[in-house]
Amino acid sequence: MKTLLSLHYFPNIQWFSKIHYGNTLIEQYENYSKGSYRNRCHIIGGNGIQRLSIPLLKGKNQQTPIKDVKISYHSLWQKEHWQSIRSAYGNSPFYEFYSEAIEASIFNTTDYLFDFNLNIIQVIFDLIGLDQNDIKFTEDYQHETNNLDFRNSISPKLKIHSIDSSFKSHEYAQVFLERHGFVENLSILDLLFCTGPNALHILEESKI
């Protein structure tokens, strides 16, 4: 049995906890879903949670095949996202070790959202120490599957613990812990900048 995931923008910790060595499928034949993590992620800064959202070219993106959805570069969103990340994590323990690679992934301009997110995933895999060969892609779209299907259940619209009994947030020291308390299930960026090489261990500990 494989784990079926949609491709997200700097996916959250829950998403990465689903990576099972040699048993993960990325959905590449689904339709784009508005209000999902496919073009957004959540980080935390001094003022609390920040949502970083990739703008898409205007048009009917809802229910468009995910590989056909195009990114808009009419605004300086890449610069804004990087400034937000740098502000949030510039004082984190491992910022200097990973910032160059993360910055390059954000400014890696590609036309399509799927390709942009895929490049980011490959960069994160390399930084964390995951094998990219463990990721495979779907060959068609199946509405019903016998695989573990998390394509739509990892979502900003849904509460974690009510839908995912196989995930448990593993606490770690965050930059603004004293100000906001521990905030669970943020983008993998938070875990990476705050814990560095220990990120993979925490992901393993997050599986139930």
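Considering segment 54-161, there are no qualifying helices (runs of 4 or more DSSP H) wholly inside with 2 or more residues that are at pLDDT below 95, within 19 Å of the chain's Cα centre (by Cα) and of a type in the set (D, E, K, R). Residues in segment 163-183 that are surrounded by 15 or more Cβ atoms within 10 Å (Cβ to Cβ) and at pLDDT 95 or above were compared, and the one that is farthest from residue 101 (Cα to Cα) is 180. Among the conditions (1) surrounded by fewer than 18 Cβ atoms within 10 Å (Cβ to Cβ); (2) in contact (Cβ under 8 Å) with a residue 60 or more places away in the chain; (3) small (Gly, Ala, Ser); (4) at negative phi, residue 129 misses just one, which is (4).
Residues are listed down the side, and each one gets a yes or a no for (1) under 29 Å from residue 195 (Cα atoms); (2) in contact with a helix residue (DSSP H, G or I) (Cβ under 8 Å, 6 or more places away or on another chain); (3) surrounded by 13 or more Cβ atoms within 10 Å (Cβ to Cβ):
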site: 52; (1), (2), (3): yes, yes, yes
site: 83; (1), (2), (3): yes, no, no
site: 92; (1), (2), (3): yes, yes, yes
site: 95; (1), (2), (3): yes, yes, yes
site: 98; (1), (2), (3): yes, yes, yes
site: 111; (1), (2), (3): no, no, no
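Is there a residue in segment 67-84 that is of a type in the set (A, V, I, L, M, F, W, C) and in contact (Cβ under 8 Å) with a residue 60 or more places away in the chain? Checked against the condition, which is being of a type in the set (A, V, I, L, M, F, W, C) and in contact (Cβ under 8 Å) with a residue 60 or more places away in the chain, segment 67-84 yields no hits at all.
Filtering segment 33-46 to residues that are in contact with a helix residue (DSSP H, G or I) (Cβ under 9 Å, 6 or more places away or on another chain) and not hydrophobic (A, V, I, L, M, F, W, C) leaves 33, 37, 38, 39, 42, 45, 46.
The values are calculated or read from the model by the stated rules, or taken from the named source; none is laboratory data. Given the structure is predicted, the values throughout are model-derived calculations rather than measurements. Virtual Cβ from ideal backbone geometry, glycine too; neighbours counted across all protein chains shown.
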